[in-house]
Structure formats: structure tokens, C-alpha cells
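None of the figures in this text is laboratory data; all of them are computed from the coordinates on show. Everything quoted here is computed from the prediction, not taken from an experiment. As a convention, Cβ positions derive from the backbone with ideal geometry for all residues, glycine included, and neighbour counts pool all protein chains shown.
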Amino acid sequence: MKLKLFVFLVALSAWTVSVDAQESNWYLGLGTGFHSNTMKFSNLDKEMYPKSENMNNGVISVFAEGQFFKNHMLMVRPQFSYLQRGGKLIGKDEGYYYKLDAHYLDFRIPVFFQFGNDDSRFRPYVGVLPIAGFPIYGDVSLQAESETKATSGYRVDLNSANISSTYFAVSPAIGVKWYFSVRGIANACFLGLEASYEIGLTDTYGKEKDGKAIDVVGGNAYKLKGSRKFQGFEINLTVGIPLHVSDRTPKKVVVQPEPVPVVTVAPVTKPEIKKQKPCYTLEEFADLIGREEKVVGLTICAIGAINFDFGESTIKKESYPYLQQLAEILIRTNSKVEVKGHTDNVGSDDYNMELSRKRAKAVRDQLVRLGVKKDNLSFSYYGSSIPLTTNDTDEGRTLNRRVEFEIQK
């Protein structure tokens, strides 16, 4: 049963890692912290062992964390942790104690719900950590002093002791993350502080060696009764860096286009110079294609044609006919296009840069789904750095929130 549960946990971990990175954020991370636990016995003579001491030690973890759904509110974090569990029971007579010191390798799949939006710097979260622990080394010891101060007892290696080979527990947890930007990428990495309380679910007593243990004081052999479980708290500091970097391209360095010059009436004696427009509608672009004119270097501005919800990167269905028409032209002409994302100046620079990245990528992906060759498409993003007009009015901000398509060679 325990083997089947472990296989299920590993399979669940592999499934979560295989989720399409386009719909999720993935991080690699390290954790370190403090772990304190106590041993709880169901059948313990309190008069014989009136005192107990916790096992206090450090914990080290490695993990891969996936964040899913809107605002990446669901977090799944398969991880391996190394720590110690055990404790010490102190007898009523000085010099009499029982001690367990076990080193564990844990496999955990924490599941969390984090609050806030994608652009939030600080995001609290709550969740639960299922734990499968495997003791790898350590020992069990018992010591007793007689009236003559002579000592007797034993120290048994875990391989020979009566500790179970598998341990299962669950830990409710609460924490907070601070997301910070790296090289112009908004909220690229995080630091986290997390507290949890471990509740042991299974008995850590295994089968005694030869079916019995030895009472070193009375010299009697006896069978262990009752159960022994762990419980305690843990505090961890975590750090995560992006796992997939294919879409975390550096900010493209661009030269802001010069303003459109004021057209004056040319002298009759000079030939009229045909000036290229800075931006074309899709209808104008289709007309140029029909007249077999050169279109390389031209830019199509989809102002008001491709729409998103405020602060979101999901394309509204009302924009699909426009993209379908554009895709048909690009497929027919086998044109190469760079999709460019722009925003207005509402929000921070980092937030607008990341939002323009997501929107440009979403448009690129939709064109691929409509049949345009992926090799013919690229995307870049500029945030609010290249406005078409002023951001001081609603009309100006509407013009500046746009997606452009530049025809490449």
C-alpha cells in the first residue's frame, strides 16, 4: 500500500512538470530552514519518563514549482528534503534516557493557493504538504545508570532497529513570497518565507528485531506496545528562479521612430515624393498585396481590432475574425512577420513591459493555431516606451494600447 502511494506521488509530480509552459510559470528552487519535532507515544508510562526533549535541526530542500490558472493562483511544488526526526525521553532517575536520532529523506508535493495578481510584489499563500519520509541512517539508544553509577544500555543502528522504513505525514502551511525583477523581466524570481506544522499519520514503530526489545534496567525482554508518531513545526526560507526561459527574452533595443514630418505643398517644378506611411490598416495592406507593391518593412497597426480585458493577455473572441483575415493573407503570401506589443502608461514600467510581452506572445500563438508557420513569426514587446500619441486622454491611451505587425524580409 505504501509503495503504491509513493508511486502515485511520483507520477503526480511527473504529470505536473509536463504541463505546457505556455499556460504556467515554472521555477527551480532551494529551501533551507529550521525543523523541530517531538515524539508522541500512545502507551507511555509518564511516571517512568516524566520529561521529553524535542529534536531540533536544520532542513535543506530542492524543488520545482509550477504555478497555474488565472494569476497563477495554484502552486504545486514537488520537492526533496533532508532533515532529522526523533527525540529524547528522560527517566525520573538521573542518567536514564531513551533517544531516537533518525535522518530522513522526504519526498513532498506541497499544494498551495496564493493570493494577489501577477503584478503583485508580495503574495501570501496557504496550503498543505503531503509528506512521504524514508529514514536513511541514524540510531536508537537507551542508557541507564545503576546505584553504583555504572552504566548499561544499547545503541542500535536504524538498519537493525525497530523503526518503520516509510513514514507518512501532512503539514498545513502558510507563507508569503516577494517577487522581484531581473534584467528587466517583471517578477522573474522570488524569495519566500514559509511556516508549517507537521502531523504524523503513521506509526514509526516497525517490526522489532527478533520480535522483541530489551529492558536494560530489569533485564526483561518485552514486545513494544502502542504507537509512536512525530509532530512539530518547520520554518523555511525559499528562493526560486525561472525554469523555462524561452519566452523571457531580453528587452529589445529599438530606436523610437521619428515623428511624421509635416507635409508642405511642393513646388510645381519638383516631382512629388511618395512618402511611406508609418502605419497601415489591414485593408490597406491587403490592397498593396493585390497591386503587387513592395510591403517589406511596412507595419500594420491593429488599433482597436485586437482586444483584451484590462490587465489580461487573453484575446477576446471579438478579435478572432481580424486575426483570421490576417492569417489567411500571411499564409497566402508566406510573409514573415514580427508581432509587436505596446501598452499605455497606466501602471509601472515593469508591469507594462511584462503585459506587452504576454499579449504579443498570445497573438503570435493564435496566428500559429490559425495555420501560419511558426518559423515565419516572431514577437517583441515595448511596454509604454513607444507611444503613438499622448497618454493624457482616454483616446490617446486607446491608440497606444495596440499590437503591430512588421513585415520582415
Vicinal HN-Hα couplings computed from phi for segment 65-77 (Karplus, 6.51 cos²θ - 1.76 cosθ + 1.60; Hz; Gly/Pro x): 10, x, 10, 10, 6, 4, 6, 6, 7, 9, 10, 10, 9
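Place a +1 charge on the Cβ of each Lys and Arg in segment 282-408 and a -1 charge on the Cβ of each Asp and Glu, then give the dipole magnitude about the Cα centre in debye, rounded to the nearest 20. Spell out each step's value before the answer.
Details: 18 positive and 21 negative charges, 118 e Å.
Rounded to the nearest 20 debye, it is 560 debye.
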Nitroxide proxy distance, nm - points 7 Å out along Cα→Cβ at Glu53 and Tyr154: 2.2
Counting DSSP beta bridges with both ends in segment 294-409, the antiparallel % (nearest 5): 65
Cβ-defined net charge surrounding Phe63, 13 Å radius [Lys, Arg +1; Asp, Glu -1]: -1
Projected-area mean, segment 287-380, by convex hull of Cα positions, square nanometres: 6.3
Ranked packing of 339-352, 228-241, 41-54, 389-402, most packed first, by mean Cβ within 10 Å: 339-352, 228-241, 389-402, 41-54
Electrostatic dipole magnitude of segment 29-129 [Cβ: Lys, Arg +1; Asp, Glu -1; Cα centre; debye, to 20]: 180
Order of Tyr322, Tyr137 - criterion: other Cβ atoms within 10 Å of each residue's Cβ, fewest first: Tyr137, Tyr322
Distance between segment 283-343 and segment 377-409 - C-alpha centres, whole angstrom: 13
